[in-house]
Amino acid sequence: MMAYILEVLYLIAAVTFMLGLKMLSKPDSARSGNLIAAVGMTIAIFATIFIYQDQNGNHLKNLLFIFSALLVGTIIGFIMARKVQMTAMPQMVSFFNGMGGACAAIISIIEFGHLSHMMDAGDSSLFSQKIVIILAGLIIGSVSFAGSMIAYGKLEGKINDYSINGQQFVNVGLLLAILVFSLLFGFQVLPDSYWFYVILGISILYGLLFVLPIGGADMPVVISLLNSFTGVAAACGGFLYDNYVMLIGGILVGSAGTILTVAMCKAMNRSLTNVIVGNFGGGNSGIVSASTGQGSTKEISLSDASVLMKYAKKVVIVPGYGLAVAQAQHICHELESILEEEGVDVKYAIHPVAGRMPGHMNVLLAESNVSYDRLIEMEEINPEFNLTDVVLVVGANDVVNPAAKTDPASPIYGMPILEVENAKNIIILKRSMKAGYAGIDNDLFYRPKTFMLFGDAKDSLTKLVTEIKNS
C-alpha cells in the first residue's frame, strides 16, 4: 500500500516539475512556475524520507544526519538567496550548479564503494549493470563541478582567461583518455580500483581546462551547457537508485539545458563542438580587432539628450549589464513612463545574452514593473531600428558592436547583435570608454550618429528624468 502511495506522490512531483518548467518559459508565469516546482521537490524529498522502503521493508536510516543536512543546506541557501544581488545571479547559478554536479559525483563514489564491497564478497552479478551508470555519473558530475567553479570564479572576476598552446588538442586528448580508461575499467581490463579515481582526476582536469580559456560573451553558453551536464548526472543517480522522480527531474534539467545551449549557440553563431572542446571566444583574445582606434567620439549633454528624447516619436532602450550593476532598472522604468506621457513610443530591445545569462534583463526589468509586452526580442526589434528616432544604450557594449558583422578578426564575429546603428540617433550611456566583457573596442561609439553620455547609469538617468520633467 505504501509503495503505491509513494508512486503517486512521485508522479505528482514529476508533473509539478514539468508544469513548473513550462511556466518558466514566460516572464509573467516564471515566479509561479518556480514555486510549483519547489513544492513538487519538497513532496518528493519527504515522501522518500518517510515512505520509501527497501526490499527488506526498511525505511531510510540516519534520519538525524539527513535532517541536519537539510537544515544546514536550507539555511545556507536561504541566506545566499536573500543576499545575492541581481547582478550576481549568474555567479549564484554557477555555484549551485557546481554543487549539483559534486553531489552526483559523490553518489557515484559512494555507490562504487558499495559495489567494491560486493565484489570483495564474491558477488559480481551487478557489476556490469551498475558500473556504466556509476562512471557516467562520476565523469559528468565531476566535469560539471570543476567547470562550474571556474565559471563562478571568472564571473566574480577572481579568475582570468587562461589558455595553453594546443588547448583544443589537449582537451580532445583528455576526452579520449576518459573514454578509453572508462571502457577498459568497465570491461575489467584495468581491474584495480585506483583506475576509478584516475578517471575522476582526469574528468576534473578536463572540467577545469575546458572552461578556463572561455571568456567574453560566450560565458552564458558555457553556464547553460554545464547546467545540462548536472541534469544528466542527476538522472544517472535516478537510474542507480531506481528512483523515478530523480530520473525525471534530471532528464528535464538535462534536456532543457541542452536545448537552451543549442539555441544559444545558434543565436551566437557558435559551434557546440567548439564549446565542448573549449577555447572558443577566449581563444581569440590575442587577435587584435581591425576596429581598434577609430578616432574621436562626440559627447552629448543631459539637456540635449532630454530634448532629443522628449521630441522623438519612437525611443528604444537597450539595457545591458551596466544597468544591472548600477541598479538603474527602476529609474529606467520612470524614464519610460515620462516619455510615454509625452506621447513617445518606448520599447526595450532584449538581446538573448544581455547581462550575463539568458533572461537576466527580463527578470531585472520585471522587478521594476516594466510591462512584458514592451520587452522585444532581438529578431523582432532589429527591423524597427530603421524607424527609431533615438536608441538609448544603457550599460551594454558587445551586443551592439557592429564588429560582430563586419570584422572577421573580432572574437565576437558572427554573433547576432542588436542593429542599433540603423537608428537615426544613438545615445550611449556608460561610465567610460572601457571595453565590454569581450575586451574589445566598439566601432559604434565613433560613428557620426552616436553620442556619448558618460556617468553612472542610475545617476545619469535620474538627471535625465529631471531634465525632461523641467524642459
Report, by residue number, each residue of the stretch 217-237 that is among the hydroxyl-bearing types (S, T, Y) and more than 10 Å from the chain's Cα centre (by Cα). S228, T230
Pairing a residue in the stretch 246-257 that is over 10 Å from S228 (Cβ atoms) with any residue that is among the small types (G, A, S) and open to solvent by 30 Å² or more (accessible area, probe 1.4 Å), where Cβ atoms lie under 6 Å and the two sit 6 or more apart in sequence or on different chains, gives G250/A234
Would you say D161 is under 23 Å from H114 (Cβ atoms) and out of contact with any strand residue (DSSP E or B) (no Cβ under 7 Å at 6 or more places or on another chain)? no
So which of K154, K158 ends up being outside any loop (DSSP other than H, G, I, E, B) and of a type in the set (K, R)? K154
Within the stretch 49-63, can you find the residues that are closer than 11 Å to M2 by Cα and modelled with pLDDT of 90 or more? F50, I51
Tally, over the stretch 179-217, of residues that are under 16 Å from M149 (Cα atoms) and open to solvent by less than 20 Å² (accessible area, probe 1.4 Å): 8
Can you say whether L21 is under 32 Å from the mean Cα position of the chain (by Cα) and exposed (fewer than 14 other Cβ atoms within 10 Å of the Cβ), as far as the supplied structure shows? no
Restricting the stretch 298-336 to residues that are acidic (D, E) and farther than 30 Å from S25 by Cβ, the residue that is most open to solvent (accessible area, probe 1.4 Å): E299
Can we say I164 is crowded, with 18+ Cβ neighbours inside 10 Å and of a type in the set (V, I, T)? no
Among the residues of the stretch 44-66, are any hydroxyl-bearing (S, T, Y), out of contact with any Leu (no Cβ under 8 Å at 6 or more places or on another chain) and open to solvent by less than 60 Å² (accessible area, probe 1.4 Å)? no
Y4 is checked against (1) farther than 30 Å from G359 by Cβ; (2) open to solvent by less than 40 Å² (accessible area, probe 1.4 Å) and fails just one. What number does that condition carry? (2)
Determine which member of the set G173, G147 is of a type in the set (G, A, S) and closer than 23 Å to V253 by Cβ. G147
So how many residues does the stretch 341-396 have that are modelled with pLDDT under 85 and of a type in the set (G, A, S)? 5
Restricting the stretch 80-110 to residues that are over 21 Å from the mean Cα position of the chain (by Cα) and open to solvent by 50 Å² or more (accessible area, probe 1.4 Å), the one nearest to A151 (Cα to Cα) turns out to be I106
When the residues of the stretch 337-365 are narrowed to those that are over 24 Å from the mean Cα position of the chain (by Cα) and among the small types (G, A, S), which ends up surrounded by the most Cβ atoms within 10 Å (Cβ to Cβ)? S337
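The values are calculated or read from the model by the stated rules, or taken from the named source; none is laboratory data. Small disclaimer: the values here were computed from a predicted structure and weren't measured. Cβ: placed from backbone, ideal geometry, glycine included. Neighbour counts: every protein chain shown. Each accessible area value is taken on the protein alone, full model and side chains, heavy atoms only, with ligands, DNA and RNA left out. Shrake-Rupley method; radii C 1.70, N 1.55, O 1.52, S 1.80 Å.
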